[in-house]
Amino acid sequence: MSLRWGLLGFGEAGRVIGGAVAAAGADLLVHDRLLADPDRGPAVRAAITAAGATVADDVAALADREVVLSLVTPATAVAAATGFATHAGEGLLYVDLNSTEPTAKLEVAAALAGVRVVDGVMTGGGITLDGAAIPISLAGPDAAEAVGLLAGLGFNASVVGSEVGAAAALKMLRSVVVKGMEGLWVEALLAARELDVVEPLIAMVEETLDRYPTRDFATMLVTTHVAHAGRRAVEVRMARDTVAGTGVPPLLSSGLVQRHELSARGLAAAGHEPGALPPSLTAALEVLRSMPG
């Protein structure tokens, strides 16, 4: 007998994931708080029905569900869990797929005491992809079961941690890298525009990036950072001043100066020999982690 699935939230992400769940033939019951809105409710109701799911006007209707996915807005993730808590059935698997920080995932788990909560995040291509193709990372004691159930519907899911909050942390750290690159490109290209060197800059960075697979690039940057943080601290100060000289606020460039100067001071205090290259990424991270504060 097929499982009874529930979905909290039928916004942009909820429609993509919920649509994929329903398309896989699952018995899906959907509740969205906007159903009670006289102006916006009818459109939400029609969208749920069009996706092949059943409308739940009251969250209490999800009491008989065996798996519930939460895809509300990040700001309401904890409140949604709290509101559903009194209706959660025994043995329920609650998969929180909201893009929130690890502490919010732990608050959801606390609100649903006695429920098997799985921390989940979606990454990789945004919700423009087919719902089943979106990479889903899951964490928590029951993450493996959730992966199996989602995989059974054709989803691309994997376990990334044994504790609730690990998946959320992974996505936040991914954002440090991806959104960090976004900010760096914005800052550098705005300054480049003032100097009329946008295309040459893109070509120069492109040539560097195209030399390495991502894993090798990360390893190269971090290991050489340990070897050359002192010298590079001087370079990034000049880079910051170049950006500032164009009239573009050097927000990220200033952060780079702080990062390099911190490493340079710590490595010097630890007696690390300038130019000495760690043999691996793991070794480099251990050197940086062990620096005096």
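Would you mind calculating the relative contact order of the chain from Cα pairs under 8 angstrom and at least 6 residues apart, reporting the percent as a whole number?
Value for the chain: 11 percent.
With both bridge residues required to lie in the stretch 4-162, what share of the DSSP beta bridges run antiparallel, to the nearest 5%? All intermediate terms of the calculation are to be shown ahead of the outcome.
Details: 4 of 28 bridges.
Percent antiparallel among DSSP bridges in the stretch 4-162 is about 15.
Test of understanding: what is the full-extension gain from V198 to R231, defined as 0.36 nm times their sequence separation minus their Cα-Cα distance? The partial results should precede the final answer.
Details: separation 33, 0.36 × 33 = 11.88 nm, distance 2.64 nm.
Taking V198 through R231 to full extension adds about 9.2 nm, to one decimal.
What is the helix-to-structure angle for 41-50, meaning the angle in degrees between its Cα long axis and the longest Cα principal axis of the chain, kept from 0 to 90 and rounded to the nearest 10?
Tilt of helix 41-50: around 90 degrees.
Would you mind telling me the antiparallel percentage of the DSSP bridges in the stretch 1-69, rounded to 5?
For the stretch 1-69, the DSSP antiparallel bridge percentage is about 0.
Put +1 on the Cβ of every Lys and Arg and -1 on every Asp and Glu Cβ in the stretch 4-162; which of F155, A109, A80 then has its Cα farthest towards the positive end of the dipole?
The Cα lying farthest towards the positive end belongs to F155.
Could you give the angle, 0 to 90 degrees to the nearest 10, between helix 102-111's Cα long axis and the longest principal axis of the Cα atoms of the chain?
The two axes meet at around 20 degrees.
So if we plug the beta-carbon distance of D216 and A276 into 1/(1 + (r/R0)^6) with R0 = 25 Å, what FRET efficiency do we get, rounded to 0.05?
0.80
What spacing in nm lies between the two simple spin-label points modelled at T49 and E163, each 7 Å away from Cα in the Cβ direction?
Distance between the two pseudo-spin positions: 4.7 nm.
Below 8 Å, C-alpha to C-alpha, sequence gap of six or more: please give me the relative contact order for the stretch 170-289 in percent.
Normalised by residue count, the contact order of the stretch 170-289 is 32 percent.
Quick one: of the DSSP bridges fully inside the chain, what percent are antiparallel, nearest 5?
Of those bridges, close to 15 percent are antiparallel.
Please arrange T86, T49 by counting, for each residue, the other beta carbons lying within 10 Å of its beta carbon, fewest first.
In order of increasing Cβ crowding within 10 Å: T86, T49.
Quick check: the angle from helix 166-195's long axis to the longest principal axis of the chain, C-alpha only, nearest 10 degrees?
Once rounded, the angle reads 50 degrees.
Round to a whole angstrom and tell me the spacing of the C-alpha centers of the stretch 273-293 and the stretch 1-61.
If we compute the Cα centre of each part, the gap is 51 Å.
Bear in mind these aren't lab numbers, they're just calculated from the coordinates by the rules spelled out. Since we're looking at a predicted model, the values are computed, not measured. Methodologically, a virtual Cβ is constructed for each residue, glycine included, from the backbone with ideal geometry; neighbour enumeration extends over all protein chains shown.
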